[in-house]
Structures are given as C-alpha cells and as structure tokens.
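I have placed the structure first, in the form of structure tokens, so that the comments after it can refer back to it.
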Amino acid sequence: MLENLKLALKKQKKLIIIFLLTIFVPSISLSIFGIRAIRNERFRLAKQIENDHKRAAELLKSRIGAQFEELDSLLLNLARSPLFLKKDAAGIKNLFEVRFADNPQVDQVFVAYDGAEAWFPLFQPNSCAVPASPQLSTEVDRQLELEAQTSEFKDKNYITAVSRYRELSNSSADPNFKVQMLTNVSRCLIKAEAYKEAIQNYQKVCEEYPDSVNTAGVPIALFSQMQIADCYKKIGDFQSSLNIYVDLYKDILNMRWPLKEAQFKTYADLAEEKINNIFFTNQADQSMDDDEEEFLTLKKLQQERLEEWHVIADIDQNIIPEFRDSQGLSTYRSLSHQFHKTLNEKTYLLSFVQIPDSSEIRSLGLLGAKVDERFLLGQIIPDVFENSLFDNTSSVVLSQLSGKILFGDGDVSEDLLTATEFFEDNFPPWKIEIFRTKGEALGVLDLKRNFYFWTILTLIVVLVSGSVLISRTIAQEMAVLRLKSDFVSSVSHEFKSPLTSIKSLAERLRDGKVEDSERMQQYFSVICQDTDRLTQLVRNILDFSKIEEGKKEYEFAETDVAQLVTQQIEYFKRSEYGKGFKIRTDISDSIPHLELDSEALSQAFNNLLDNAAKFSSEKKEIDVHIKKDDTNVFIEVSDRGIGIPPKDLDRIFEKFYQGRDTLHKSSKGTGLGLTLVKHTVEAHGGRLVVNSRIGEGSTFSLILPIRTGKK
Ligand code: ADP
C-alpha cells in the first residue's frame, strides 16, 4: 500500500509540482494576504470609527457647553448693571423679567448680597417691610381708640366701635394706620352680622391699599379677600364665596403677594381647604365640574410651587453658603463659576458671577442662575443629539458620572464603547459615551470584506478542488498499480500450475517412468490440455494488449453459429475444466448464419464457459441456449454457481477486475476474460448482458445482430 503510494506519487510528481506551484502556493499566499488585509482593514476602520466618534463626542460636548457659556456671559453682563449697585429691587426684578422671561433654560435667578438672604425676584415679589405698630399721635386719638376697643370687646357695641374706628381712620394721615382701622371696622361689621357692609368695606380696603401689609406681615388684600369670601358664605352666596376663594388661591399660587414660605403654605392650604369644603358640602350651584377641574389644576400648581420653595430653600441654605465657602469671593473678578451639587437625588447646576462695587474692585454679592435640568435634558440635549447625524450603527448615551443614564439608548451593555468625553471641570457632572452597536459590521468594511471574503473563498474552492483532483489521480494511479500487481500475480499463478503440471508429466515420460501405454496416453492428453489452457491464456493476454493498443482486428466470415457453439462445447467437455459438468444444450431451429470472426467468438464463448465452470460450486450444471428473434441471435450461458453480488455487476467488465468473493479461488484468473468478451461482442455490433443472483447462478448472453440480407 505504502509502496504503491510512493510509486504513485513518483509517477505523478510532475503533476504534483505543477499543482503546488500554480495552485497551492499562490492560493495559500493569497489567502494569507487576504486575511491579513481584512485584519488591517478592520483595524484601520475601527480606528477611524473611534476617531470619528471621539470628534463627535467632542462636538456634542462643546454644543452642550455652549449653552452654559451663553448663560455665563449673560450673567456677567447683568451683574454690571447699576441696579445691583443701587439694590433697586423693582429695577432688578424688571431686568430679570426682561432677560429671563423667554429663557426656559433657567428656572431660578437669584441675587445674594453679602450678609443678606438670597432673593429670587422671578419667584418672589419684592419683600415688603412690615410696618411698625402705629403710634397714635394725639391724646384725642388715643382716647378714641380706647373707646372703640371698649365698645368692641367689652360692651359688644359694634355700631359704636365701627364709628369710632372710622373716625380714627379718617383723622390719620398714616396709610398703614388708616388701613388697620378700616380692617377693624370690617371686623366689627362682621361681628354685628352686617355682612354686606363688611364686604363693601373690605372691598374698599383692597382697592385703596392693595399692597399694604399688617403688623403680622400678612398682606391686607389677602386677608380681606378671605374675609369677603367668608361673608358671602355666611349670607348663603356659596358661588360668590367659591369664586373669590378660587381667585385667591390662584393669586397665592401665582405669588401675587410677597409671602414667606411658611405663609405661602398656610394660606395656600387654607384656600384649598375652604374650596374643598364648599365642594364637599356641594353648596355652590352652577358649573361645578369646570370648577373642579380648575381646582385640580391649581392643586398641581400648588405642588409645583412647594417644590420650587424647596429648591429655593436648598439654594439659599445649602448651595450659596457652600459656594461662598469654596471660593475666596471678596475681591471682584469678572469670571463665571459653575457649581453643581446633588441634594435629595436632585442635581443642581448653577452659574454664579460676582456683583462688582462701583470701582469693580470689591464684590458686593452674588448673582446666580439655576439651570433647568429638566428643560436641558428634555429639549436641548435631544436637539443637540438629534442634529449630530449618527447612523444606526452607533448610539450615544449621556449619563451621570455614577453611570445613571440621563439620555440615550439604555441598552448598550452589548455594544462596544468607542469614545467617552467628560465636561470641563466636570460641569455638568456628566459624560458622553458613544458606542458601536454590537453585530454591526464596520460599515465600508462590509463591502471590502465581501471582496476579500469571496476571493479567499474562491481560492479555497480552487485549492480544495485541486487537492481532490490530485488525490483522485493518485488514488487512480494506486488502483492501476494495485491492479497491475494483482494482474501480474494472477497471470503468474495461471501460468504456473499448467507449466508445473506439464513439466512433471514430461519429466516422468522422459525418464521412462511411465511404461503403461494407456497411462502414457493419459499423460499426453493432460499435457495437451494444459498447453491449450496456456494457449488460451496467452491468446487472452495478447488480444487484450492488442485491444489496449487499438490494434485488434477481426476477420468476419459467414459462420454457422450453432455449429461453432456445439463444437466449442464438445472441446470444453473433453477439457479438464469441463470434467464432471453436465452441459445441456438447447438450440432453436433455423439459427441464421452470421458474419463473424469465428476465432474471436469461439474464444469469447470459451471464456464464458470457463467462468461458468470456475464459479460453480456443488451444482455442476451448465445450460447453453441459442435462440433468435427478428433482429438478434442470443447465445446464453447459464450456470448454477455462486452468482455475482449486485455491486460487482457493473464492474466485472472492467479490465483486470476480479470479484472480491472469487479472489480466494484456487484458479486466480486474470480479470481479462469478460473485458475481451465484451469487446468482441461489441466489435460484432452486439451486446453482452448478465443476469445473476447470489447463490443461484448467472446467465451471460451474447447478443449478436442478424444483419439484413444475410442468412
Ligand atoms: P476472471 O475470470 O479471470 O477473474 P473475468 O473477466 O472473466 O476474469 O471475470 C471477472 C469477474 O467476474 C470474475 O472475477 C468473477 O468475480 C465474475 N464472474 C465472471 N463470470 C462469473 C460467473 N459465471 N459466475 C460468477 N462470477 C463470475
């Protein structure tokens, strides 16, 4: 086997070298080159994408940063306004309204003078100073007031009290005192159950003194409206009462009066409770549904306002002090400062600038703005991100430094991080990350990869087909070598036995060891048969070699097929191979004479008889049947032998082929017999057909055409 392989390789050396040089080596080198090119290309594209993403992240950063820079320069400009120098509250409020009204980016602006509480002009109206308790100027007035109080509280003579308070109000020039007396008048009217008069009086107070504050710091207008609403309720006009309470509630929520946080809470709650009461007792008559809806909206607004109060308190109590501590702020510098702090899970993003004194040397305090994070994340960031032209192969995420995602596709765990960008001084305390979506091919590489991929694939296909071809050639070569060696050993064996037999018989005869003439005759006959056998063998081999070389020629002459077959059977019966065989012959009438090479056909028929005998076991019976139809003469040789396995049926006509099951037989054969028979029959324009069943026997049919015009 190994020997055969070596031989085959040697024989196909040229082919193998050509294959190696023209296919194998170039394919392998091209494949390696292709794979490396793909790798380099991938690397280059990955790098390029990384750079692109880095640039994109920087761009996003600067766009977001620009929002803060704009605010900073606005604050720096504002802080130089002389209004701050003059501490002109109304002017400052007005200035803020003009500059920040259309700026949803900022939700609180504040001024914090050194040593004073911070003031949020857009949220809180000017804080009004609480008036000192009025000092009554004259003895007459003091007497009058005492009388009024005695009438009201001791004598319960409200009518007298009303006129005394009125007198006091009229006689005074101090508006605070006047308004206070008028409220006392109203109070007494209520006590006197003169509700309508009380309402009128309160209304007058509201109209004439809309901004007055009582000594407890409560706006008189607010207090008066409440009383009016209560009076309406007392006289059974619930609808008017409700209307006034709703308006009042609105005014409180819209910060009409300068309330402190506690006052805001108290009066907003009070108004809410009163409205609730009217709803609960269902005392108001018309359009309740509309009112209720409005009421719910107001309740929500109250909630928002409370949150704003929290924010203001946080800024005032935590952020400004901390910011002040962190900076040396006494000297004025025209710089903006960013500050961020997280309180109760809320991130505060603020910008501070200093308010300069007139010489711009010292700082008077701080001007600050809180950025509306919700607006920033809900409007500005989406706008910025959407305009950054990211294709679907990448995703952008804005997150807190802790990793909490603020904006962008949350599911990036599978993706490849290509760029991270932090903001200057970590303000805002966020990071921008860009990811390449997992599974997305590297864009352009896809095309290129296809090109390289298909080239490599083609090379591999070429390589594999080449290898298969070479292997097949080598396998075939090995098979031929094996067949040849099998053939040589078979032929030697076939020659050896008759030669040995001839030699030993001839020697005995030569040495005069056989005296009996009958025996002598027998010896000669065996020698003749062996010689016939050898002749047959040699003839087969010679014919085969002629066929192989294309030199085999046939001499056709009109022949009596039936006679030819009968004669050959007779020879066969007398031969050593025919011994013990029962040969039945069945020849149909009027078998026509055919144009044949009688020698070749005899040899072919003999080969069939030989095989029939060789591959028979116990049942030594052979049937020869000659018949005809309109076009052909059939010469059939049937045995009751071992039969041919179906897988061998197609191959038995190949040169040198010997069935596996038959190789162990004593007579080895050459594997040429059927090849010759087939060639001969086909040279006569006929066919060789076989029918066989394992264990039952085989029938070989020589089908020869009857040529027209001949008998
Ligand atoms: P050989 O007889 O020398 O082996 P052949 O070409 O005559 O070569 O036959 C080829 C093979 O066909 C044989 O080896 C055998 O396996 C099979 N064969 C031929 N004739 C018969 C038969 N009558 N019965 C069984 N097998 C047969």
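With a Förster radius of 45 Å applied to the beta-carbon distance between ALA101 and LYS299, the computed FRET efficiency rounds to 0.95. What shape does the chain have by the C-alpha gyration tensor, where a ≥ b ≥ c are the square roots of the eigenvalues, rounded means a/c under 1.5, and otherwise prolate means a/b greater than b/c and oblate the rest? Prolate is the answer for the chain, as a/c is 1.5 or above and a/b outweighs b/c. Accessible surface of the chain, 1.4 Å probe: 52 percent of it comes from carbon and sulfur atoms. Cross-link reach is defined here as a Cα-Cα straight distance under 17 Å, omitting same-chain residues fewer than 8 places apart; for LYS627 the aspartates and glutamates meeting it are ASP560, ASP586, ASP589, GLU595, GLU636.
What does the charge count around ARG164 come to, taking other residues whose C-beta lies under 10 Å from its C-beta (Lys +1, Arg +1, Asp -1, Glu -1)? List each step's numbers first, then the result.
Details: positive: ARG166; negative: GLU145, GLU147, GLU152, GLU167.
Surrounding charge for ARG164 is -3.
Applying the Karplus relation 6.51 cos²θ - 1.76 cosθ + 1.60 with θ = phi - 60° to the range 354-362 yields 3J(HN,Hα) values of 8, 9, x, 7, 4, 8, 6, 10, 9 Hz, where x marks Gly and Pro. Exceedance of the 20 Å cut-off in Cα-Cα distance is limited, within the set LYS265/LYS300; LYS196/LYS265; LYS13/LYS655; LYS551/LYS628; LYS551/LYS655; LYS582/LYS614, to LYS196/LYS265; LYS13/LYS655; LYS551/LYS628.
Which residues among the range 198-218 fall inside the zone where the amide N is under 12 Å from a point 7 Å beyond the Cα of ARG256, along Cα→Cβ? Residues 206-207, 210-211 fall inside that zone. In the chain, helical runs assigned H by DSSP with n ≥ 4 each contribute -39500 (n - 2.57); averaged across all residues and rounded to the nearest 500, the mean residue ellipticity at 222 nm is -18500 deg cm²/dmol. Summing +1 for each Lys or Arg and -1 for each Asp or Glu among the other residues whose beta-carbon sits under 9 angstrom from that of PHE279 gives -2.
Relative to the longest principal axis of the Cα atoms of the chain, the long axis of helix 561-574 lies at roughly 80 degrees. In this structure, the amide hydrogen of THR585, modeled 1.01 Å from its nitrogen in the peptide plane, lies closer than 5 angstrom to those of VAL624, counting only residues at least 5 positions away or on a different chain. With K and R counted +1 and D and E -1, the other residues having a Cβ less than 15 Å from that of ASP72 yield a net charge of 0. Seen against the Cα atoms of the chain and their longest principal axis, helix 238-253 is set at about 70 degrees. When you count the other C-beta atoms within 10 angstrom of each residue and take the mean per peptide, 162-173, 510-521 line up highest first as 162-173, 510-521. Taking 0.36 nm per residue of separation and subtracting the Cα-Cα distance, what length does fully extending ASP425 through ARG374 add? Once the chain is fully extended between ASP425 and ARG374, it gains 16.2 nm. Note: relative contact order over the chain, using C-alpha pairs below 8 Å and six or more positions apart, is 12 percent. The packing ranking, built from the mean of other Cβ atoms within 10 Å per residue, places the peptides 17-23, 596-602 in the order 596-602, 17-23, highest first.
Mind ordering 198-210, 4-16, 59-71 by average Cβ neighbours within 10 Å, highest first? Kindly include the intermediate steps, with their values, before the conclusion.
Values: 198-210: 18.8, 4-16: 14.2, 59-71: 16.5.
Result, highest mean first: 198-210, 59-71, 4-16.
Solvent-accessible surface (1.4 Å probe) assigned to HIS593 amounts to roughly 70 Å².
Over the chain, average the accessible area per residue using a 1.4 Å probe and give it in Å², no decimals.
Working: 38950 Å² over 711 residues.
Value for the chain: 55 Å² per residue.
When the square roots of the Cα gyration tensor eigenvalues are ordered a ≥ b ≥ c, the ratio a/c for the range 669-711 is 1.5 or more and a/b does not exceed b/c, which makes its shape oblate. Seen against the Cα atoms of the chain and their longest principal axis, helix 261-281 is set at about 80 degrees.
Please work out whether the range 166-235 counts as rounded, prolate or oblate from its C-alpha gyration tensor, where a ≥ b ≥ c are the square roots of the eigenvalues and a/c under 1.5 means rounded, while otherwise a/b larger than b/c means prolate and anything else oblate?
Values: a/c = 2.12, a/b = 1.39, b/c = 1.53.
Taking the square roots of the gyration eigenvalues as a ≥ b ≥ c, the range 166-235 is oblate.
Once the chain from ASP357 to SER81 is taken as fully extended at 0.36 nm per residue, the excess over their C-alpha distance is 98.3 nm.
The values are calculated or read from the model by the stated rules, or taken from the named source; none is laboratory data. Worth saying up front: this structure is predicted, and the values here are computed from it rather than measured. Here the Cβ is made from the backbone with ideal geometry for all residues, glycine too, and neighbour counts use every protein chain on show. Just the protein is used for accessible areas: all its heavy atoms, side chains included, with ligands, DNA and RNA removed. Shrake-Rupley method; radii C 1.70, N 1.55, O 1.52, S 1.80 Å.
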